[in-house]
Every structure is written in C-alpha cells, then in structure tokens.
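Enquirer: My structure is below; once you've seen it, I'll send some questions.
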Amino acid sequence: MEGVTIVDHPLVQHKLTLIRDKTISTKSFRELLKEIGMLLCYEVTRDLPLTDVEVETPLARMHSAKIAGKKLVFVPVLRAGVTFVDGMLDLVPTARVAHIGLYREPQTFVAVEYFFKSPSDLHERLAIVVSPVLATANTAVAAVDRLKERGAKDIRLVCLLAAPEGIERFRGLHPDVRLWTAGIDEGLDANAFILPGLGDAGDRAYGTR
C-alpha cells in the first residue's frame with residue numbers, strides 16, 4: 001500500500017505474537033508495548049537528515065554523523081499510546097511530548113476529544129502520532145486533524161496493528177501522512193474491533209477490564 005510501511009523485523013513480529021496472547025499479564029502487555037514502541041521508533045525515524053560534525057575521541061579528532069537538528073514531538077493517543085511512547089522516549093529522550101485524549105463513542109464509533117496539550121511550535125517539528133491500533137481510523141484521523149489545526153505540517157503515524165478499512169480511510173483523508181505498522185489484520189468485527197487483533201489495548205495495558 002502506498003504510504004504504508006509494514007515493519008517485518010523478526011523481533012517486532014515475535015513481540016507482536018506475544019502481545020496478542022490473551023493469557024499474558026497486564027505487566028507483560030505493558031512491557032511488550034513499550035519494547036515494540038522502541039523498535040518501531042527505529043523505523044519511523046530511519047530517514048531523519050544527518051549532518052557531519054567534528055568530534056574528538058580519546059585518541060583523535062574525526063568527522064562523524066549527527067541528526068541535523070530535527071525537532072521531534074511524540075503524540076500519544078491516550079491511554080495506551082503513553083506506554084507505546086515510553087519506549088520511543090528511551091531512544092529519543094530530548095523529544096517533546098504532546099498528549100491527545102480521544103475515546104470512541106461505543107454506538108457510533110465517533111472519536112470524542114477530552115484533552116489536548118502540545119508544544120506551541122508544532123509547525124517546526126516532526127510530529128509522530130502514536131496509536132496502538134488503527135481500526136476504524138476515527139481517532140487517528142481526529143488526532144491528525146487537531147495537529148494540523150494547531151499548525152503541524154510534518155506528521156507521521158505509528159500503530160502496532162491496523163485493519164484494511166482503517167488504512168483506507170486514514171490514507172484517503174490524510175494522504176500526506178505516512179503510516180508505519182507492525183501488522184495488518186483481516187478486518188473489523190461488528191463492534192469495530194480488529195480481527196483477530198489483540199483486544200482493547202488500553203484495557204489490557206492498565207487492567208481496567
């Protein structure tokens with residue numbers, strides 16, 4: 001699919017299989033979510049621009065590569081997106097973090113916003129939206145809509161798992177936003193959950209069901 005990258009690294013696929021298992025504990029689910037977030041961070045930042053700088057090692061001076069001042073802001077969709085971002089922050093601890101609270105109305109599946117807080121300079125940053133699942137895409141679309149309203153111009157989306165319907169809708173509404181995911185499943189059930197999926201990521205991450 002154009003604009004969609006499936007991260008098929010063996011470690012990612014192994015951990016995705018583990019996190020699907022309904023018998024794993026809340027603690028293990030959170031740990032796996034964080035670990036996969038770290039691994040996906042490698043992929044979504046793979047093409048960040050580099051510049052050549054001079055450094056002095058204990059033995060000599062040399063020229064070496066350094067990220068060329070690209071400012072990042074991670075944008076987790078609450079709740080489970082926060083754990084996902086924790087792994088990314090382990091790799092990029094200087095990144096800013098915006099938070100957007102969205103929940104899916106159970107009957108209509110419409111995304112309802114209840115919280116939004118971001119840096120004021122979104123227009124200067126690469127915004128990486130982090131949502132564990134892309135099912136109907138309603139929450140992902142709403143998150144990107146909000147970021148664009150606040151001036152973000154360079155946006156990417158990372159999710160653990162996606163449904164074909166969600167990808168089609170998201171890319172149709174935001175064709176300028178590239179997507180990274182660990183897997184694309186069969187589709188959605190009557191309640192708009194991904195099949196076979198992994199259940200409600202927020203509930204499984206925080207033991208609320």
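The values are calculated or read from the model by the stated rules, or taken from the named source; none is laboratory data. All values reported here derive from a predicted model rather than from experimental measurement. When we count neighbours, we look across all protein chains shown, and the Cβ atoms used for this are built from the backbone with ideal geometry, even at glycine. With ligands, DNA and RNA removed, areas are computed over all heavy atoms of the protein, side chains included. Shrake-Rupley method; radii C 1.70, N 1.55, O 1.52, S 1.80 Å.
Enquirer: Considering only region 154-188, how many residues are over 21 Å from ARG30 (Cβ atoms), aliphatic (A, V, I, L, M) and outside any strand (DSSP E or B)?
Expert: 4
Enquirer: With (1) closer than 23 Å to ARG79 by Cα; (2) out of contact with any strand residue (DSSP E or B) (no Cβ under 6 Å at 6 or more places or on another chain); (3) of a type outside the set (S, T, N, Q); (4) open to solvent by less than 100 Å² (accessible area, probe 1.4 Å) as the list, and LEU40 as the residue in question, which single condition is left unmet?
Expert: The number of the failed condition is (2).
Enquirer: One residue is enough: does region 149-163 have a residue meeting the conditions touching a helix residue (DSSP H, G or I) at 6+ places or on another chain (Cβ under 9 Å), crowded, with 18+ Cβ neighbours inside 10 Å and basic (Lys, Arg)?
Expert: Yes, there is a match, as at least one residue in region 149-163 is touching a helix residue (DSSP H, G or I) at 6+ places or on another chain (Cβ under 9 Å), crowded, with 18+ Cβ neighbours inside 10 Å and basic (Lys, Arg).
Enquirer: Those residues that are surrounded by fewer than 17 Cβ atoms within 10 Å (Cβ to Cβ) and within 18 Å of VAL130 (Cα to Cα), I need them from region 25-37; list them, please. I'd like the intermediate steps shown before the answer.
Expert: Taking region 25-37 and keeping what is surrounded by fewer than 17 Cβ atoms within 10 Å (Cβ to Cβ), we get 25-28.
Result: no residue meets the conditions.
Enquirer: Of the conditions (1) among the basic types (Lys, Arg); (2) surrounded by 15 or more Cβ atoms within 10 Å (Cβ to Cβ); (3) without any contact (Cβ under 8 Å) to a residue 40 or more places away in the chain; (4) farther than 19 Å from LEU40 by Cβ, LYS71 satisfies every one except a single condition; which number is it?
Expert: Unmet condition: (3).
Enquirer: Would you call ALA143 farther than 25 Å from ALA95 by Cα, among the hydrophobic types (A, V, I, L, M, F, W, C) and either open to solvent by less than 40 Å² (accessible area, probe 1.4 Å) or within 15 Å of the chain's Cα centre (by Cα) (or both)?
Expert: Values: farther than 25 Å from ALA95 by Cα: no; among the hydrophobic types (A, V, I, L, M, F, W, C): yes; either open to solvent by less than 40 Å² (accessible area, probe 1.4 Å) or within 15 Å of the chain's Cα centre (by Cα) (or both): yes.
Taking the combined requirement at face value, the residue does not satisfy it.
Enquirer: Condition check: surrounded by fewer than 17 Cβ atoms within 10 Å (Cβ to Cβ), basic (Lys, Arg) and touching a residue at least 60 places away in the same chain (Cβ under 8 Å). Does LYS22 satisfy that?
Expert: Numbers: surrounded by fewer than 17 Cβ atoms within 10 Å (Cβ to Cβ): yes; basic (Lys, Arg): yes; touching a residue at least 60 places away in the same chain (Cβ under 8 Å): yes.
When the stated conditions are applied, LYS22 passes them.
Enquirer: Pick out the one residue from ALA127, ALA142, ALA137 that is in contact with a helix residue (DSSP H, G or I) (Cβ under 8 Å, 6 or more places away or on another chain) and at pLDDT below 95. So that I can check it myself, show each step before the final result.
Expert: Numbers: ALA127 fails: at pLDDT below 95; ALA142 fails: in contact with a helix residue (DSSP H, G or I) (Cβ under 8 Å, 6 or more places away or on another chain).
Result: ALA137 is the single residue among ALA127, ALA142, ALA137 that is in contact with a helix residue (DSSP H, G or I) (Cβ under 8 Å, 6 or more places away or on another chain) and at pLDDT below 95.
Enquirer: Next question. What do you reckon, is VAL4 open to solvent by less than 70 Å² (accessible area, probe 1.4 Å), at pLDDT 95 or above and of a type in the set (A, V, I, L, M, F, W, C)? Before the answer, list the steps.
Expert: Numbers: open to solvent by less than 70 Å² (accessible area, probe 1.4 Å): yes; at pLDDT 95 or above: yes; of a type in the set (A, V, I, L, M, F, W, C): yes.
Yes; evaluated as a whole, the condition is true for this residue.
Enquirer: When both residues are 6+ apart or on different chains and their Cβ atoms are under 7 Å apart, which pairs have a first residue that lies in region 169-187 and is on the phi < 0 side of the Ramachandran plot and among the acidic types (Asp, Glu), and a second that is open to solvent by less than 40 Å² (accessible area, probe 1.4 Å) and not in a strand (DSSP E or B)?
Expert: ASP185/ALA163; ASP185/GLY197
Enquirer: Restricting to region 105-136, name every residue that is within 22 Å of VAL4 (Cβ to Cβ) and assigned to a strand (DSSP E or B).
Expert: Within region 105-136, ALA111, LEU126, ALA127, ILE128, VAL129, VAL130, VAL133, LEU134 qualify.
Enquirer: Can you pull out the residues in region 192-209 that are open to solvent by 60 Å² or more (accessible area, probe 1.4 Å), assigned to a loop (DSSP other than H, G, I, E, B) and free of Cβ contacts under 8 Å to residues at least 60 places away in the same chain? Walk me through how you get there before you give the answer.
Expert: Initially, region 192-209 is screened for residues open to solvent by 60 Å² or more (accessible area, probe 1.4 Å), giving 193, 195-196, 206, 208-209.
From the residues that got through so far, the ones that are assigned to a loop (DSSP other than H, G, I, E, B) too are 193, 196, 208-209.
The answer is PHE193, THR208, ARG209.
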